[in-house]
Amino acid sequence: MNELAERIEKLLAEARRLSEDSAGMAQRIQSEVVQGVAAEGRVVAYANGFGVVHDVQLDPLAMRELDNMTLGEAIRDAIIAAERASEAVRNEVLDELRVEGRSVREIFEQGPDLSGLEAQINRLRSL
Amino acid sequence: MAQPHFTRSGSAETDARLRDAQALIGRLQDAFASLPEQQHSAVDSSGTITVTVDGSGQLLDVAVSAHAVRNFRYAEIGPAVLEALQGARTLGMQGMQAAVEEASGTDVGASNLSSDAALPHTFLPLDLRTTEDTA
């Protein structure tokens, strides 16, 4: 049981550190501004690190030089580019946040490593 | 993702609950898998910009009317696009919540989602997106 108690204490300490670190990182992701550009710079979309698009700017020339179909495609492409840039920023930040040696991004993508926890639970049930 | 599997079986009631949970997970996975096949469109209040997203929130299309290009000032297009984008993603989120409600038999407030909420570019859980989605 000492081994289990030590592991739980270690996990709680990790959880406290993670809580402090994640608050700062969420703030950092929120304050990031990324952009996506299309139609040779005539359309620019802006998003924060969470992927929320908050602005779409058009060059005055875009209205004269692009027809409505091409303008719609350019706006779509700019927004998608901004969202991808936002995802790259978010992944970079999540890579820095680590739990027991694994990045939070890796845990999001692959799931938690439950093998050790499962063994501990089975040991507890057998006591 | 590997599902946890506990080797020592508990009571019949516990086993029944585990089976129910596994069935629920299967229904939710099916519901999420069908989301990219859905489409949701919204029009801005001027009626000139239409945005279409799929059921997971991915942007598919932005349609600008010929009227907008002829009569709008360039600075008016961006806000109209954001309004339509927000509307389409709100519809997508409501569709996802409705799918969750149907799969789980619980009320998660699908009809109460505010269109004022700032929605990210996708709301499908990371592990349920396809490789193409995350590329």
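The values are calculated or read from the model by the stated rules, or taken from the named source; none is laboratory data. Small disclaimer: the values here were computed from a predicted structure and weren't measured. All Cβ positions, glycine included, derive from the backbone under ideal geometry; neighbour counts span all protein chains shown.
Out of region A:22-68, which residues are surrounded by fewer than 19 Cβ atoms within 10 Å (Cβ to Cβ), part of a helix (DSSP H, G or I) and at the interface with chain B (Cβ under 8 Å from one of its Cβ atoms)? Residues satisfying the conditions are A:Pro60, A:Asn68. Considered as a group, the residues in region B:45-80 that are away from chain A (no Cβ under 12 Å) and in contact with a strand residue (DSSP E or B) (Cβ under 9 Å, 6 or more places away or on another chain) include one that is farthest from A:Val37 (Cα to Cα), and that residue is B:Gly55. Give the residue, chosen from B:Gly87, B:Gly26, that is out of contact with any Pro (no Cβ under 8 Å at 6 or more places or on another chain) and surrounded by 20 or more Cβ atoms within 10 Å (Cβ to Cβ). After applying the criteria, what remains is B:Gly87. Considering every residue within region A:72-87, establish whether at least one is more than 9 Å from every other protein chain (Cβ to nearest Cβ), exposed (fewer than 14 other Cβ atoms within 10 Å of the Cβ) and at pLDDT 95 or above. No, region A:72-87 contains no residue that is more than 9 Å from every other protein chain (Cβ to nearest Cβ), exposed (fewer than 14 other Cβ atoms within 10 Å of the Cβ) and at pLDDT 95 or above.
Being among the basic types (Lys, Arg), within 29 Å of B:Pro79 (Cβ to Cβ) and crowded, with 17+ Cβ neighbours inside 10 Å is a property that A:Arg90 has. So the check is Cβ under 6 Å with 6+ separation or different chains; which pairs have a first residue in region B:45-65 that's closer than 15 Å to B:Met93 by Cβ and a second one that's aromatic (Phe, Trp, Tyr) and modelled with pLDDT under 95? Close Cβ pairs (under 6 Å, with a partner that is aromatic (Phe, Trp, Tyr) and modelled with pLDDT under 95) amount to B:Gly57/B:Phe123. For region A:7-21, a residue qualifies if it is touching a strand residue (DSSP E or B) at 6+ places or on another chain (Cβ under 7 Å) and exposed (fewer than 14 other Cβ atoms within 10 Å of the Cβ), and exactly one does: A:Glu14. Taking each residue of region A:66-81 that is more than 11 Å from A:Arg42 (Cα to Cα) and looking for partners that are among the hydroxyl-bearing types (Ser, Thr, Tyr) and outside any helix (DSSP H, G or I) with beta-carbon atoms closer than 8 Å, six or more apart or interchain, yields A:Asn68/B:Ser65. In region B:7-32, of all residues being in contact with a helix residue (DSSP H, G or I) (Cβ under 7 Å, 6 or more places away or on another chain) and small (Gly, Ala, Ser), the one that is farthest from B:Gln97 (Cα to Cα) corresponds to B:Ser9.
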